[in-house]
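Here the structure comes first, spelled out in structure tokens, and everything after it is commentary.
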């Protein structure tokens, strides 16, 4: 949108699915364990775990009510569906990945349809969808600074949790029946503030 808008007049927004509390806690514990061995510059705060549906960027505050209205209208076309946390992965070179992420499995077609509906609702308001393929994931760490290469074998080993109870929670389904309009608060902890939670 308007890249020249001042911080006072705009919000840096995105639309996402939020991870439920119990799974946030389990994932946070796993990340805490990993951080002892794999040094990333930044680990995501548990309250900030999410699956992005669409990044909007700097957005004039004056059109936020229109955004919310459009999102509420499309929510009437949605139905709840289930996902579960899946494999770990990275973006970038194994020796210096930019991002460590956790994927999702389950009713992915419904998740893709939700993202498509969000893109369609945002287009008339001046927010085109990204041209690259939609790849849902949760970013848990950024900017690897360690010396141990993060290869496929290491990522597979991350799934072999030593606590059976945590393993069951980690792989259980959860129901998606809402999505969230977030604003980014740079340098705040947590960094993302909920502007509106929209239920199906």
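The values are calculated or read from the model by the stated rules, or taken from the named source; none is laboratory data. Nothing here was measured: the structure is a model prediction, and the numbers come from that model. No Cβ is skipped: glycine too gets one built from the backbone with ideal geometry, and neighbour counts run over all protein chains shown.
Couple of notes before you dig in:
- Conditions (1) at pLDDT 95 or above; (2) closer than 29 Å to residue 39 by Cα: number failed by residue 178: (2)
- The set of residues from the range 111-156 being farther than 16 Å from residue 15 by Cβ, touching a strand residue (DSSP E or B) at 6+ places or on another chain (Cβ under 6 Å) and at pLDDT 85 or above comprises 140, 141, 142, 143, 144, 145.
- Qualifying residue in the range 41-53 (condition: in contact (Cβ under 8 Å) with a residue 40 or more places away in the chain, under 20 Å from the mean Cα position of the chain (by Cα) and within 17 Å of residue 123 (Cα to Cα)): yes
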